[in-house]
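Here's the structure we're looking at; comments come further down.
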Amino acid sequence: MTEHFWALMRLNRNLPKMLTSCLLMFAIVGCRTPPSLLTRFQQTATDARLDLQVEPEAEPGHYSVSGTASLPQGTQIYVVAVRYLHLQRSPLLVAKPTFSLLAYTAVEVDNNRWQSHLSLWQVAPDGRYLEAWQIDQPSLKLAVKPDNQVLFLATLAPLEDLEAIEQILANRNQQFASRFIHTTQDAQRYLKIAQTLDIDLPFGATQPVAVRPEDINGGWGNRFLQLPDTPNTRQFEFPQQRQTNAPTDSREFLY
């Protein structure tokens, strides 16, 4: 009887150690990642497609801009052409260049492809072909030296959500390369791809065009003029003598 008592005591004294060992083994076995799940997380995401090509068209000053993008169907892309301008006289020791927006358009992604056409030339009131900054240069009174290159870039439209698109790509095990993701000064991330081409300034002339609305009233046009009323196309009947013995309809009463 005494030996049986001390055997139980020894068992109770070692019970906490046995329980601790069992819990530790359970934790090790339970936290072990299944081979299939581990392989899934170790897979590296493939780069999403994003490229841009710029080709001159037959008509001078016109360019075809196209590319591929691994974006959801119907995603809007802004395509922009920019020429940088270097100020010739500036109070700053190192003047930062300004730029002129030559042309822009919005296109939609269709089957991971997009395409647009940009016209970099405009017709001045005297008929000369000029870029936008050249037309406004006399009124701005700025002495600038244009860069020899034009920057073509494509970026997501402001209405598109980059984070939502990245989540869709993550579900496909895709992601955009870091060189396509940029950050603004206020820490806003955006998608951009660009290409530069050496493009000469416009030359030649055509027939002068009529005065544009943006050439009047500081770009506001003649908005102070009252627009004519839209003509009424509905025809109403006004019989001279209207007689009927039909009962009065409720719609004929004013109140």
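Summary of values
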read-out: Conditions (1) more than 17 Å from the chain's Cα centre (by Cα); (2) touching a residue at least 60 places away in the same chain (Cβ under 8 Å); number of the one not met by LEU142; value: (2)
read-out: Every residue from segment 75-111 that is under 30 Å from ILE168 (Cβ atoms) and exposed (fewer than 15 other Cβ atoms within 10 Å of the Cβ); value: TYR104, THR105, ALA106, GLU108, ASP110, ASN111
read-out: Segment 201-255 - residue that is surrounded by 10 or more Cβ atoms within 10 Å (Cβ to Cβ) and of a type in the set (Gly, Ala, Ser) and, of those, nearest to LEU140 (Cα to Cα); value: GLY219
read-out: Selection status of LEU142, open to solvent by 30 Å² or more (accessible area, probe 1.4 Å) and over 30 Å from GLN73 (Cβ atoms); value: yes
read-out: Scope segment 164-189; condition without any contact (Cβ under 8 Å) to a residue 24 or more places away in the chain and assigned to a helix (DSSP H, G or I); matching residues; value: ALA164, GLU166, GLN167, ASN171, SER178, ARG179
read-out: Any chance TYR129 is open to solvent by 90 Å² or more (accessible area, probe 1.4 Å), closer than 25 Å to ASP198 by Cα and touching a Phe, Trp or Tyr at 6+ places or on another chain (Cβ under 7 Å); value: no
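Per-residue answers, yes or no, for (1) touching a residue at least 40 places away in the same chain (Cβ under 8 Å); (2) assigned to a helix (DSSP H, G or I); (3) within 21 Å of the chain's Cα centre (by Cα):
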site: LYS192; (1), (2), (3): no, no, yes
site: PRO202; (1), (2), (3): yes, no, no
site: ALA210; (1), (2), (3): no, no, no
site: LEU225; (1), (2), (3): no, no, no
site: PRO228; (1), (2), (3): no, no, no
site: PRO231; (1), (2), (3): no, no, no
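The values are calculated or read from the model by the stated rules, or taken from the named source; none is laboratory data. Here the structure is a predicted model, which is why all the values come from computation and not from measurement. Neighbour counts run over all protein chains shown; Cβ positions are idealised from the backbone, glycine included. In case anyone asks, the SASA skips ligands and DNA or RNA and just uses the protein heavy atoms, side chains included. Shrake-Rupley method; radii C 1.70, N 1.55, O 1.52, S 1.80 Å.
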